[in-house]
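Values quoted throughout were computed directly from the atomic coordinates according to the rules given, and no laboratory measurement underlies them. It should be emphasised that the depicted structure is a prediction, and the values quoted were computed from it without experimental measurement. Don't worry about glycine lacking a Cβ; one is built from the backbone with ideal geometry, like all the others, and counts go over all protein chains shown.
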Ligand code: IVH
């Protein structure tokens, strides 16, 4: 939820003037302007799959439109947008679960990041700085990724990335893309092979298609990426067939065998099997080599005929890739070196304060819309109060101490999928008489004091101002609900920000538990959901079915959905894996209130959980309101045990292992990653819960403790024999 924080200024457009003070003539003008704007956003959303504003901003436009009609009923003619129904189709495509998750890449922006990437790999593998290490470099295609599953050489499924675990089934559409082989007749094609790559559109085809759209009076696509996505992700394969889509293969998922033992070798095999592969992919032998390749590809960028947004580096040896493994959602063995962000100048029309689910007040720049690298930007982050004032995270001046004011001409930057940000101010264009922005000291949603906490670790004031309304602040409550149903949390189809806002506003849903009683209450109610604006019989039926389907939900998603401060997806997964069931987690966190307890020690011993997170977890479960909400929620939802993508059968699966002393055959990081790959938990200290200690030369107190407790101790070679590596 967001509230306008600034008052209108003289000479500003009507958009800044409160509905209550508009004259009938002004209201009519504003109503027409809003109608045009909303229609345009609807077209982008429904027609093109390419919205250019957030749902919250869209809703604000809609609300203002409705408020105008409420005050001036004459405006509500039959032509009014409030009389038209149109809602997002909730279930366009069937879902496909990826057998091997589709991961993302971490990013490098500067040359130093690339050097660090290589150092990290060497350190992890225990390679000397001069030991040979081959890394491939290839363009990062700006399209949408797809996974193509072949069984006995025949294309059987095509799926989009989705959330990485589950994508949309676009098989019918993929079958009509010429660049995607439907049948592969190659002796070395394994029984099962999932080819992954990027569907994209070439510049020339994009221009032609937009020309056709224009001639037919149809909406234009904003950029080739949107055109490719819109062409693949639509329900009629006949339409896809008319769209000139291209494809590059660069990776793979579930496979029964591999045709080579290097990245380059497998990609070359893909080329032989008939998949288009990128001709610019090369093997490199040093950081200098990688950077030279990056600059060569960047120099060629304008001549390629398709969009790329960086260069991807991948360790060539698949054996080393396997050893390197993954951190969270990205492989340790690859990185995307992005091209510099695109920038543009525009006017800062207003500053809006958004209240997040943890009460953080975030200033958002409302900009005069401007195109940056093919995307229309109307909002950008201003980070926090200090940033607006010209003070950096370290308390030192930034931008030479220049503040940012409403009315300023500002430079904005957009880098890939990152939220655009305001970089600086063009001082020559600062309007005379402008005033420094005054950050609100109260929450715009609930009026509670908003304060900057003192960080206990640094002793400094936090840069973020937070609403102190806590559980009473409606904005926080609503944001928590939005988070609860969001894609990486419960992921309820048809229940997005817009619907949550409506349900919350109308008092239909106060807390997460109410979502699961909606259908029952709707059946008993006279004012049914299906009769409301934006809903219909089918969409309501689909919504209730989607809610019903989430009564059983993977434990990690459930934990993440609770929106506990500092508990992101990775931490939620760690907790789910460690405690197994929600009951066990809850009991442990209640017991951990006592800092002298085993439970508190165990929580802190989980690798990846630090004191701040542990503290936040204990606090969350100690809050009486959370207890009540959880009890109510658990009568509706059953969190399932953690679903594992690969079932691990190994002698150390489920065991708690401690490594100590010097390791010779692998680095400490690698040992840990390896143990986790085999399903073990790695702890930093030895306790009664330790099952195994792997001790190298020089092991001291941990080894002694293990012996004292009678825990099994083996050496490094013993470890390799045990796991069979
Ligand atoms: S490799 C395990 N190679 O970038 C890593 N990705 O941020 C698999 N992408 O979702 C990805 N060009 O859509 C890889 N040459 C390339 C790529 C590429 C574009 C996209 C892909 C992925 C995203 C990761």
Quiz item: What is the gain in length, in nm to one decimal, between residue 720 and residue 594 on full extension, counting 0.36 nm per residue of separation less the C-alpha to C-alpha distance?
Solution: 41.5 nm
Quiz prompt | Part-to-part distance (alpha-carbon centres) for the range 477-520 and the range 183-210, which is given in Å | solution = 38
Practice problem: Just check the range 170-292 against the gyration tensor rule for me: Cα atoms, a ≥ b ≥ c as the square roots of the eigenvalues, rounded for a/c under 1.5, and otherwise prolate or oblate depending on whether a/b exceeds b/c. | Solution: oblate
Quiz item: What is the P(r) of the chain, as percent of Cα-Cα pairs per 20 Å bin from 0?
Solution: 14, 45, 36, 5, 0
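Which shape class, rounded, prolate or oblate, goes with the range 438-488 when its Cα gyration tensor gives a ≥ b ≥ c as root eigenvalues, a/c under 1.5 marks rounded, and past that a/b bigger than b/c marks prolate?
On the way: a/c = 2.55, a/b = 1.44, b/c = 1.78.
Verdict is oblate for the range 438-488.
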Exercise. Could you rank the peptides 245-252, 263-270, 621-628 by their average count of other C-beta atoms within 10 Å per residue, with the highest value first?
Key: 245-252, 263-270, 621-628
Quiz item: In what sequence do 409, 23, 656, 538 fall when counting other Cβ within 10 Å, fewest first?
Solution: 23, 538, 409, 656
Quiz prompt | Percentage, to the nearest whole number, of Cα pairs in the range 343-476 over 25 Å apart | solution = 30
Quiz item: What is the extension gain from residue 42 to residue 344, computed as 0.36 nm multiplied by their sequence separation minus the C-alpha to C-alpha distance, in nm to one decimal?
Solution: 106.2 nm
Quiz item: Nearest 10 degrees, 0 to 90: what angle lies between the long axis of helix 55-71 and the longest principal axis of the chain (Cα atoms)?
Solution: 20
Quiz prompt | DSSP-defined antiparallel bridges as percent of all bridges, the chain, nearest 5 | solution = 85
Quiz item: What percent do you get for the relative contact order of the chain when only Cα pairs under 8 Å and 6+ apart count?
Solution: 11
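Of the listed peptides 221-234, 707-720, 463-476, what is their order by residue-averaged count of other C-beta atoms within 10 Å, with the highest listed first? Walk me through the intermediate numbers first.
Numbers: 221-234: 22.1, 707-720: 14.9, 463-476: 19.7.
So the peptides 221-234, 707-720, 463-476, ranked by packing, come out 221-234, 463-476, 707-720.
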Quiz item: So what's the gap between the Cα centers of the range 664-725 and the range 308-363, to the nearest angstrom?
Solution: 34
Exercise. Work out, step by step, the length gained on full extension between residue 530 and residue 80: first 0.36 nm times the residue separation, then minus their alpha carbon distance; give nm to one decimal.
Key: 160.0 nm
Quiz item: Using a simple spin-label model with points 7 Å from Cα along the Cα→Cβ vector, what separation in nm is obtained for residue 411 and residue 570?
Solution: 3.2
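Calculate, for residue 120 and residue 687, the FRET efficiency according to 1/(1 + (r/R0)^6) with r their C-beta to C-beta distance and R0 22 Å; round to the nearest 0.05. If you can, show how the numbers build up before the last one.
Numbers: r = 30 Å, r/R0 = 1.38.
Efficiency, rounded to the nearest 0.05: 0.15.
Set the Förster radius R0 to 51 Å, insert the Cβ-Cβ distance between residue 298 and residue 13 as r into 1/(1 + (r/R0)^6), and round the FRET efficiency to 0.05. Could the numbers behind the result be given before it?
Details: r = 40 Å, r/R0 = 0.79.
According to the calculation, E is roughly 0.80.
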